[in-house]
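So the structure is just underneath, and the comments pick up after that.
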Amino acid sequence: MSFIFSVTTQLLSYLLSPLLFLLSPVIYLGRLALYLTLLPLRILIRLEAFIYFMTGAVLIGATIGMFLYFTGTGLSHVLRIEDSDEPHRRPVKHEAIDPAPQDSPFDYLDLKTEDHKFLPSTILEEEETSYDSE
């Protein structure tokens, strides 16, 4: 019985080896397609902890947001605070309210000559005044 089994195995190996050689490109392309198909799942497996964290953060944030929304809505109904029906007005500029003309900006070069103490002095002017005082 073992003789028949060994002969059958040997014949099949001789028949299957050329078939395997001919099918090797198909097998290679199949493995490549399977690898590329499963690549997104491999990425998800590596990011599993991050996905769990983000899912928990979104759920907690949505829960707290809904709680605050419904609490605020309930309080506004209890306190009878409602939106006004008036359209919102734009803020009025103060220039339109105050018709008085604005003064021109301060210019130190337009000062009178007797107000020379407010003008900035140069080093040469300081030296001239120091010689005058001696």
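Values for this structure:
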{"quantity": "Length released on extending from residue 64 to residue 14, taking residue separation times 0.36 nm less the Cα-Cα span", "calculated": "11.0 nm"}
{"quantity": "Cα gyration tensor, the stretch 1-46 - rounded (a/c under 1.5), prolate or oblate", "calculated": "oblate"}
{"quantity": "Gained length - residue 73 relative to residue 21, 0.36 nm times residue gap less alpha-carbon distance", "calculated": "11.4 nm"}
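Just so you know, all these numbers are worked out from the coordinates, no wet-lab data involved. Quick caveat: nothing in here was measured; it's all calculated off a predicted structure.
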